[in-house]
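Derivation of every value follows stated rules applied to the coordinates shown; laboratory data play no part. Quick caveat, the model's predicted, so the values are computed rather than measured. Quick reminder, even Gly has a Cβ in these numbers, built from the backbone with ideal geometry, and neighbours come from all protein chains shown.
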Amino acid sequence: MNKIHIQEDLSGLRAVIGDRGDVFVIIDKNLREFYPYFAGFQLIELETSERNKTLETVAMLVNELLERGADRNALIIGVGGGITTDIVGFTASVYKRGVKFAFVPTTLLSQVDASIGGKNGVNFHAYKNMIGTITQPQWIYMCPEVLRTLHPRELRAGTAEALKTFVLFDPHCYRLAVDYFAELEEQLQKSGSYLLNGKFYGEERLMELIGCCARYKCEVVERDEFEKGERRMLNLGHTFAHAIEKVCVSTGIMHGEAVAIGMVLAAKVALKMGMTDSDFVEELTADLKRTGLPVEIPIDPQSSKPTEMRILVEALKKDKKVDGDHIHSILPCALGDVKDVNVPLNKLEEIAGDLR
């Protein structure tokens, strides 16, 4: 299972890598300020966007690794956000039938979720993560230093994944996280920045929350690496999120933002199915709004109207979690109480108009 190192900055990274020369660093080209930390290693720049998360990009990286002489004993390090770790993990897991790899995740979303657990993959046409593997990295190195230059939307996207984890496993940490990220939003509104004297406001609290998220996800993956049961719970919010990302692509919505909306929609489905009450749905919605996250399906910039729920339901029918005329959905009933439910697709169609 993943060995996770959480430090204040990147200064301890060399000690983790060790004294070896066969290191190939595939890094998001927008992270040039961190290049000096990887001096002396083979550096491969990567253009990162959802449209580049393809088999063509994997083929390009394989060709680059071959030309640079990477053999089966190489260590490939992916440095970047969730798109980078997905692409690099998949490339390393198929290159010469698999070479060792590690991650330095540089977004909050990738630190609390995307880089952990061994899921690696690329998109196929409009369908997210349709081609992939489950292969564990050797280690993951996390630090708040790489998060300090994130755009507020990027940080909020990670907030959604952190809150998802705590909804699942820890009501106490959920409350701590909501309060902390709400305070960060207040700091941003007051000063125009999340930072105070060059560091995050309450940075030690942030590191503790990241560590808690990582620990919970690692524990689940250790018990159910190949998603036969318990690990499915980590998909809370994601069934709707993937559909939202697919049909709302013109809005520029980010994955974490879609997850926040997806959690609210999942809670509303649970309410319609008699599995929770309106107080919980209202509490969850209000908490996400406090942390700056969206809670409603975005407006289509072309029509200036919200995307219709029936279009989302049509997209859901093509989700990889569909089983016949049902779809596996993780529905939150209360903090720390979620259910893996086979929801009939015709039930979603029936209640679609009430979900907005």
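Using a 10 angstrom Cβ neighbour count of at most 13 plus a DSSP loop assignment to flag exposed GluC sites (Glu not before Pro), which longest range of the chain is free of such sites?
On the way: sites that count: 8, 47, 296.
It runs 48-295.
Taking Cα atoms of region 3-147, Rg/Rh with Kirkwood Rh, to two decimals? Could you put the intermediate results ahead of the total?
Details: Rg = 13.8 Å, Rh = 14.9 Å.
With Rh from the inverse mean 1/r over Cα pairs, Rg/Rh is 0.93.
Which semi-axes, in whole Å and largest first, does the equivalent ellipsoid of region 152-354 have when worked out from the alpha carbon gyration tensor as the square roots of 5 times its eigenvalues? Let's see the in-between values first.
Working: eigenvalues 157, 89, 44 Å².
Listed largest to smallest, the semi-axes of region 152-354 are 28, 21, 15 Å.
Give the relative contact order (percent, whole number) for the chain; include only Cα pairs under 8 Å separated by 6+ residues. Provide the component values of the computation, followed by the final result.
Numbers: 621 pairs, mean separation 52.4, N = 356.
With pairs under 8 Å counted, the relative contact order is 15 percent.
Charges at C-beta only: +1 for Lys and Arg, -1 for Asp and Glu. How large is the resulting dipole of the chain about its Cα centre, in Debye rounded to 20?
Values: 42 positive and 51 negative charges, 145 e Å.
Using Cβ point charges on Lys, Arg, Asp and Glu, the chain gives about 700 debye.
In whole angstrom, and with the biggest value first, how far do the Cα coordinates of region 86-152 range along each principal axis?
Result, largest extent first: 35, 30, 15 Å.
In terms of Cα to Cα distance under 12 Å, which aspartates and glutamates are near enough to residue 128, apart from those fewer than 8 places away along the same chain?
Residue 128 reaches 50, 86, 245, 319.
Sorted by average packing, counted as other Cβ atoms within 10 angstrom per residue and highest first, what order do 162-171, 77-86, 339-348 take?
On the way: 162-171: 23.5, 77-86: 26.9, 339-348: 15.7.
Result, highest mean first: 77-86, 162-171, 339-348.
Choose one of 198, 91, 344: the residue whose Cα lies farthest towards the positive end of the charge dipole of the chain (beta-carbon charges +1 Lys, Arg; -1 Asp, Glu; about the Cα centre).
91
If you take the charge dipole of the chain about its Cα centre, with +1 on Lys and Arg Cβ and -1 on Asp and Glu Cβ, which of 211, 330, 130 is farthest toward its positive end?
Checked the options; the winner is 130.
Of 3/164; 164/347; 100/289; 289/347, which ones are farther than 30 Å apart at the Cα? Kindly include the intermediate steps, with their values, before the conclusion.
Details: 3/164 22 Å; 164/347 24 Å; 100/289 40 Å; 289/347 28 Å.
Distance filter (> 30 Å) returns 100/289.
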